[in-house]
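S.K.: Here it is: the structure, laid out below.
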Amino acid sequence: MAIQGTREWQDYQVQATFTPHLARSFGLAARVQGLKRYYALRLHSRWSGTTRPRTRWHNRSREYPVEWELYRSYVLELAVSGPK
């Protein structure tokens, strides 16, 4: 995990290309302020083969099923603006 930036960063977006090989999960995060305070787009495999992008802020999270597969490249982009 690499974290860059400060709390003063306000409105920005992050983007990265991922090609999972031996992964159960991978993703991108913004506004990281510890292990329980961040916004992230994380693809995580479940037994069903679906994945769940996730946002987490003060133990509140939302998950949505998305299909993904190993050895395929994915471009993830996450934008933060104001309190969103």
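The values are calculated or read from the model by the stated rules, or taken from the named source; none is laboratory data. Quantities reported herein were computed from a predicted structural model and do not represent experimental measurements. We place every Cβ from the backbone using ideal geometry, glycine too, and count neighbours over all the protein chains shown.
S.K.: Residues of segment 1-45 being loosely packed, with under 10 Cβ neighbours inside 10 Å, among the aliphatic types (A, V, I, L, M) and either under 19 Å from LEU70 (Cα atoms) or touching a residue at least 60 places away in the same chain (Cβ under 8 Å) (or both), which ones?
M.R.: The one that is loosely packed, with under 10 Cβ neighbours inside 10 Å, among the aliphatic types (A, V, I, L, M) and either under 19 Å from LEU70 (Cα atoms) or touching a residue at least 60 places away in the same chain (Cβ under 8 Å) (or both): LEU22.
S.K.: Something else about it: When residues of segment 23-48 are filtered for being at pLDDT 80 or above and of a type in the set (Lys, Arg), how many remain?
M.R.: 3
S.K.: Further question: Output the number of residues of segment 1-40 satisfying the condition of being within 14 Å of the chain's Cα centre (by Cα) and part of a strand (DSSP E or B).
M.R.: Qualifying residue count for the region: 16.
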